[in-house]
Amino acid sequence: MRLLDLTLSGPAENLALDEALLEQVDSDRSADEVLRLWESPEPIVIVGRSTRVAQEVRIDACHQQSVPILRRTSGGAAIVAGPGCLMFAVVLSLRLRPELTMIDRAHQFVSDRMTEALRPLVEEIAAEGTSDLAIDGRKVSGNSIRVKRWAILYHGTLLYDFPLETIGRYLQTPPRQPDYRAGRSHNTFVANLPTSAVSLRRRLVETWQADQALDNWPRDRTEELVKTRYSTKEWNEKR
C-alpha cells in the first residue's frame, strides 16, 4: 500500500483529493492501494453525500464564524473537523479484495484494521454502531464509505486533541443515531483519543503496511473536481 500524508491548501482541495484517489484506483489496474492522512488547519463542517444541510448543520453559526460547509462523496452524517482531528482515507482495490463488494464485509474489514492499529495506544478501543470506533461508549472516530466498480474509499476521523464543544456549536442533533448513543448530546457522546497525532500516524502506517510514498497522486483530476464540484454551491448546498 502507498502512503500519501498530504494536507492541501483548502477544504475543497482535500475532499477532492480523496475522490480523485478513488477514481485512480478504480480506473487503473496498475494503481496501488492508498492510505492518505491529512488534518485541516481550520474548523470545517463536512456533510454526507445525501445530507439535508438544514437538518444537520447550524448554518447561521457556521456563517457567523466563517466555517465552510462542504459535501463529501461518501454517505453518512455531518461532521466537524479541524486541528486536533486527524483525517484518514484508505482506497482499496476490489480487484484484489472482491469480498469487500459486500458493504458489511468492508465495514468489518476496515474496523478490524483500525482497532488493531489503535489498541496498542488505547486498549479499550472498540467498534460501535455501523462504522464508529469508541472508548467506553464514547465516539472517537466516525467513518463513511463510497463504492465504485473496482475500488472503495473508506475515510473518517480520529479525534485526539479536538475542541469537542465545537461539534455542538456547528451541528444539530443528527436525525439518525446509532443505538449506543442513547440520545446523548454531542458533548457527552464524543471523546478524544488519549494519544498524539504522531503516534496515530505511526500506528496507521504500520498496520496498513503503507511503506512506500505515493508520488504520482492525481493533481489534475483533483483540480478539476475542485472547480466542477467541491467549490460550487450546486454541490455543497444541493439538499
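Values in this text are rule-based calculations from the coordinates and carry no lab data. In this text, all values refer to a predicted model and were calculated from it rather than measured experimentally. Positions of Cβ are backbone-derived with ideal geometry, glycine not excepted, and every protein chain shown enters the neighbour counts.
Below is a table of values for the structure above.
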| item | result |
| --- | --- |
| Length released on extending from Y180 to D161, taking residue separation times 0.36 nm less the Cα-Cα span | 4.5 nm |
| Extended-chain gain in nm, criterion 0.36 nm per residue less alpha-carbon gap, T101 and E42 | 17.8 nm |
| Selected from N216, A54, L92, residue furthest toward positive end of dipole (the chain; charges at beta carbon) | A54 |
| In nm, spacing of pseudo-spin labels at S199 and R119 (7 Å Cα→C-beta vector) | 1.7 |
| Computed E for R149/S9 - FRET, C-beta separation, R0 22 angstrom, nearest 0.05 | 0.10 |
| T173 versus D136: modelled label distance in nm, points set 7 Å from Cα along the beta carbon direction | 2.4 |
| Computed lengthening from H63 to D28, 0.36 nm per intervening residue step minus Cα-Cα distance | 8.6 nm |
| Relative contact order (percent, whole number), the chain, Cα cutoff 8 Å, 6+ residue spacing | 28 |
| At most 12 other Cβ within 10 Å, DSSP loop - GluC sites (Glu not before Pro), the stretch 95-136 | E123, E124 |
| Nearest-20 debye value, the chain charge dipole, Cβ charges on Lys, Arg, Asp, Glu | 680 |
